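S.K.: One structure is given below, represented as structure tokens, and several questions about it will come after.
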Amino acid sequence: MRSHLCNRCGSCVGLSEGKIVFGDKTGKYQPKIIAPIDEQLADTLWEACPGKQFDFPKYRKQFFREPAYFHEFIGPYERIGIGYAADSQVRREGASGGIISAILIWLLKQNKIDGAVVLGMSTKEPWLTQAFIATTPDEILCAAQSKYIISSNNDILPEIAAFKGRLAYVGLPGQIQSIRKLQAAKHPSVSNIDYIFGPFYGNTLHFSSINSFLRTHGEHDYHTITKLYFRYGEWPGNMRVELKSGRIIELKKFHANYLIPFHILRNSLYCTDLTSEFTDISGGDAWAPVYEERGKGFSMVISRSKKGDALLKEMVEAGWLSFDQISEQEAISMHSHGYDFKKRGGFIRIKFRKLLGKSVPDYGYQIKGFKASRYLMEMVISSLFIVMSTSFARWAVEQFPPKFIGGIFEKTRTIWKKSTHKIKRREL
Ligand SMILES: Cc1cc2nc3c(=O)[nH]c(=O)nc-3n(C[C@H](O)[C@H](O)[C@H](O)COP(=O)(O)OP(=O)(O)OC[C@H]3O[C@@H](n4cnc5c(N)ncnc54)[C@H](O)[C@@H]3O)c2cc1C
């Protein structure tokens, strides 16, 4: 709980009968034990925790018996394509193509589920995320779009268990890994989850990113936030903060990415699952100039289970989704930067952590054999993450206008991507 291996999935809080809580959600957002825990509960929590151990090959065998394809970067899958929700409102309100929201609405309308576990913003504290069970299309749309600050969806496991009806569940890879572990253990808290969907996952940020963003704009009290969006408007969208005073602050998503190295949740660096490998269907942004130029919203969609693929087929035939199949190689090229970060960088960072004598996650597999140049590159990246997360660096960056820093960050990232192109493309 106190190591960088905790991804804040919320399972220990949800299963603890009130004995574990998240202490300071605008601070470190760490689980805190507030009452004695007996041995039986401790065993359950330990089993449900995905931070220290999640055996990819074992659970792959269990949940995807005979997938049509498997790639060690992508995971098991049936089909990969580029798509978007046919309903223009769903597409517009979604983070990229509105695929995940469209699927949930379709399942609800077809009576295949009675509710969906989604992540919205808290109504009481609109600066924080809050998971809930959506039972109407409006509620699903209300929770659309990506939230780039810590979310702990599994802290509502008691509500999930008490829900009368079938559920779909949406979460990040770490949250889903815990749900899969509980399903494998036949834990009653997850017995009504029929479908699992998830966004791709590069990283998430501490709440300090919001404080920093406000300070840069001369605002000093996050309590004055009335609405917080991370992907507002046309794809790829803007980070947008609405304040009690009526002031609205907006910054292009690509520029707001400058917050990442300063406020990244350290666990994101040890998570090696980019494309949410344990879902029925997962979705990410279709990052390619050909789509980015067109705006509107395009997703990369990966169907993984037979059930997920059948659902995708049904929706395409019914005219609910647009879906154009692409090859594995095209999919990898589109996210080569992300795969490099997670499937190479992730394992190298785990190795560095082990060398420092710290606890490391056990994923039941490793990717290794990288060139010395990739290790060197990781040393530079990891050092930058350490330096940039210091209070001094955070303070220093706040002295500049975010548009300016965001612009520099976007350009530096492009140069960095180009200069590392060869390292990353090699063997992909
Ligand atoms: C933290 C984070 C990091 C991401 N990193 C990448 C990346 O590196 N590369 C990439 O291609 N795509 C990434 N994505 C995915 C991308 O932003 C879109 O979510 C994805 O393309 C799906 O878009 P959509 O329009 O189909 O989803 P929508 O229809 O907008 O639905 C999104 C669903 O995800 C749920 N959700 C949103 N945020 C969270 C969260 N923090 N925790 C749990 N559930 C959440 C919502 O409740 C909603 O149901 C990331 C998403 C998140 C949340």
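The values are calculated or read from the model by the stated rules, or taken from the named source; none is laboratory data. All figures in this text were calculated on a predicted structure; none of them were measured in a lab. When we count neighbours, we look across all protein chains shown, and the Cβ atoms used for this are built from the backbone with ideal geometry, even at glycine. Surface accessibility is based on the protein's heavy atoms, side chains included, excluding ligands, DNA and RNA. Shrake-Rupley method; radii C 1.70, N 1.55, O 1.52, S 1.80 Å.
S.K.: So which residues in the stretch 360-384 are open to solvent by less than 60 Å² (accessible area, probe 1.4 Å) and touching a Lys or Arg at 6+ places or on another chain (Cβ under 8 Å), if there are any at all?
M.R.: Within the stretch 360-384, VAL360, PRO361, GLY364, ILE367, PHE370, ARG374, GLU378, SER382 qualify.
S.K.: If ILE326 satisfies all but one of (1) open to solvent by 10 Å² or more (accessible area, probe 1.4 Å); (2) within 16 Å of the ligand (Cβ to nearest atom); (3) out of contact with any helix residue (DSSP H, G or I) (no Cβ under 9 Å at 6 or more places or on another chain), what's the number of the condition it fails?
M.R.: All conditions pass for ILE326, except number (3).
S.K.: Considering ARG266, ARG294, which residue is without any contact (Cβ under 8 Å) to a residue 12 or more places away in the chain and open to solvent by 10 Å² or more (accessible area, probe 1.4 Å)?
M.R.: ARG294
S.K.: Are there any pairs, at least 6 apart or on different chains, whose C-beta atoms fall under 9 Å, with the first in the stretch 397-415 and hydrophobic (A, V, I, L, M, F, W, C) and the second in a helix (DSSP H, G or I) and open to solvent by 60 Å² or more (accessible area, probe 1.4 Å), and if so, which?
M.R.: Final answer for the pair search is PHE400/ILE408.
S.K.: Can you work out which of the residues in the stretch 108-144 that are more than 12 Å from the ligand (Cβ to nearest atom) and hydrophobic (A, V, I, L, M, F, W, C) is nearest to the chain's Cα centre (by Cα)?
M.R.: This residue is TRP127.
S.K.: Could you say which residue among ILE302, ILE332 is within 26 Å of ARG349 (Cβ to Cβ), surrounded by fewer than 24 Cβ atoms within 10 Å (Cβ to Cβ) and in contact with a helix residue (DSSP H, G or I) (Cβ under 8 Å, 6 or more places away or on another chain)?
M.R.: ILE332
S.K.: Under 7 Å by Cβ, and 6 or more places apart or on different chains, what pairs join a residue from the stretch 90-102 that is within 13 Å of SER322 (Cα to Cα) and more than 6 Å from the ligand (Cβ to nearest atom) with one that is open to solvent by 20 Å² or more (accessible area, probe 1.4 Å) and of a type in the set (Lys, Arg)?
M.R.: ARG91/LYS296
S.K.: In this structure, is LEU384 of a type outside the set (Val, Ile, Thr) and without any contact (Cβ under 8 Å) to a residue 60 or more places away in the chain?
M.R.: Considered against the rule, which asks whether it is of a type outside the set (Val, Ile, Thr) and without any contact (Cβ under 8 Å) to a residue 60 or more places away in the chain, LEU384 comes out as no.
S.K.: Could you please find all residues in the stretch 271-291 being in contact (Cβ under 8 Å) with a residue 40 or more places away in the chain and either surrounded by fewer than 21 Cβ atoms within 10 Å (Cβ to Cβ) or near the ligand (Cβ under 10 Å from one of its atoms) (or both)?
M.R.: Hits for the stretch 271-291 are LEU274, THR275, SER276, ILE281, SER282, GLY283, GLY284, ASP285, ALA286, TRP287, ALA288.
S.K.: On to the next question. Looking only at residues that are over 20 Å from GLY237 (Cβ atoms) and within 12 Å of the ligand (Cβ to nearest atom) in the stretch 156-171, which one is surrounded by the fewest Cβ atoms within 10 Å (Cβ to Cβ)?
M.R.: Here the answer is ILE156.
S.K.: Quick check, is ILE176 part of a helix (DSSP H, G or I) and hydrophobic (A, V, I, L, M, F, W, C)?
M.R.: On the way: part of a helix (DSSP H, G or I): yes; hydrophobic (A, V, I, L, M, F, W, C): yes.
Answer is yes for this residue.
S.K.: Kindly establish whether LYS147 is more than 12 Å from the ligand (Cβ to nearest atom) and open to solvent by 10 Å² or more (accessible area, probe 1.4 Å).
M.R.: Values: more than 12 Å from the ligand (Cβ to nearest atom): no; open to solvent by 10 Å² or more (accessible area, probe 1.4 Å): yes.
Here the answer is no, as LYS147 does not meet what is asked.
S.K.: While we're looking at this one, here's another question. Only one residue in ILE80, ILE100, ILE74 is in contact with a helix residue (DSSP H, G or I) (Cβ under 6 Å, 6 or more places away or on another chain) and crowded, with 21+ Cβ neighbours inside 10 Å. Which one?
M.R.: ILE80
S.K.: Pull out all pairs, ordered by first then second residue, where Cβ-Cβ is under 9 Å, the residues are six or more apart or on different chains, the first lies in the stretch 64-76 and is of a type in the set (A, V, I, L, M), and the second is surrounded by fewer than 17 Cβ atoms within 10 Å (Cβ to Cβ).
M.R.: Close Cβ pairs satisfying both conditions: ALA68/LYS306; ILE74/GLU328.
S.K.: Sort out for me the strands (runs of 3 or more DSSP E) sitting completely within the stretch 203-269 that have 1 or more residues that are within 12 Å of the ligand (Cβ to nearest atom) and under 21 Å from the mean Cα position of the chain (by Cα).
M.R.: So the answer is 225-232.
S.K.: Scan TYR77, TYR29 and give me the residue that is touching a Lys or Arg at 6+ places or on another chain (Cβ under 7 Å) and within 30 Å of GLU314 (Cα to Cα). Give the steps one after another, and end with the answer.
M.R.: Values: TYR29 fails: within 30 Å of GLU314 (Cα to Cα).
Of the residues listed, the single one that is touching a Lys or Arg at 6+ places or on another chain (Cβ under 7 Å) and within 30 Å of GLU314 (Cα to Cα) is TYR77.
S.K.: How do the pairs read when you match residues in the stretch 119-139 that are closer than 15 Å to THR224 by Cβ and aromatic (Phe, Trp, Tyr) with residues anywhere that are within 13 Å of the ligand (Cβ to nearest atom) and not in a loop (DSSP other than H, G, I, E, B), using Cβ under 9 Å and keeping only pairs 6 or more apart or on different chains?
M.R.: Filtered contacts from the stretch 119-139: TRP127/MET121; TRP127/ILE149; TRP127/LEU228.
S.K.: Examine the stretch 112-124 for a residue that is out of contact with any strand residue (DSSP E or B) (no Cβ under 9 Å at 6 or more places or on another chain) and at pLDDT 95 or above, and state whether such a residue exists.
M.R.: Among the residues of the stretch 112-124, not one is out of contact with any strand residue (DSSP E or B) (no Cβ under 9 Å at 6 or more places or on another chain) and at pLDDT 95 or above, which makes the answer no.
S.K.: In the stretch 184-205, how many residues are of a type outside the set (Ser, Thr, Tyr) and in contact with a strand residue (DSSP E or B) (Cβ under 7 Å, 6 or more places away or on another chain)?
M.R.: Within the stretch 184-205, residues that are of a type outside the set (Ser, Thr, Tyr) and in contact with a strand residue (DSSP E or B) (Cβ under 7 Å, 6 or more places away or on another chain) number 10.
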